[in-house]
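Before any comments, here is the structure.
The values are calculated or read from the model by the stated rules, or taken from the named source; none is laboratory data. Since the structure is predicted, the reported quantities are computational estimates derived from the model, not experimental observations. When we count neighbours, we look across all protein chains shown, and the Cβ atoms used for this are built from the backbone with ideal geometry, even at glycine.
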Amino acid sequence: MFDFDLAELYGVETRVMNQSVKRNLDRFPKDFMFRLTVDEWQTMSSQFVMTSSFKRPKKALPYAFTEHGVTMLANILKSRKAIKMNIAIVRAFIFLKKMTTDHKDLSTQLQELRKELYEYRDDNDSQLKAIYEAIENLLDDKTEKKTWEERERIGYKK
């Protein structure tokens, strides 16, 4: 999550939050927080429909926090709102992780079903091929036997 989004959620100014983070940099290793590069920020900000210079000036590069960095912010920002928001964010991360795990199981099940379907289809394809060949042989036999005039009459005979 970006620093300006977290600051808004916590009800503090971005610069105030970033100052607190800078005072406690030892709590934020690279896998907890990092600063976007100019190219990354330009790419990201070009994706926004409207960028607000009030929220973040274009030339100021934002920090991005991982789920662990967001959790670490709770130790720095002590306001009640910050603590409540941090709990909600951590719960959201836990929910997302659980969903990912659940979908991983679902993905495995889908792969197993696909494998079974292909095996079933291969069995059916060979059976259907045999049926089609039998039908073609029957049709070939009927057409080769006799012409209409050569066939034995069925029904009333004169």
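Beta carbons closer than 6 Å, at least 6 apart along the sequence or on distinct chains, pair a first residue in region 69-89 that is part of a helix (DSSP H, G or I) and among the basic types (Lys, Arg) with a second that is modelled with pLDDT under 85 and surrounded by fewer than 15 Cβ atoms within 10 Å (Cβ to Cβ) for Lys81/Gly11.
When the residues of region 59-69 are filtered to those that are modelled with pLDDT of 85 or more and not aromatic (Phe, Trp, Tyr), the one that is farthest from the chain's Cα centre (by Cα) is Leu61. Scanning region 24-41 for residues that are assigned to a helix (DSSP H, G or I) and free of Cβ contacts under 8 Å to residues at least 24 places away in the same chain yields Leu25, Asp26, Val38, Asp39, Glu40, Trp41.
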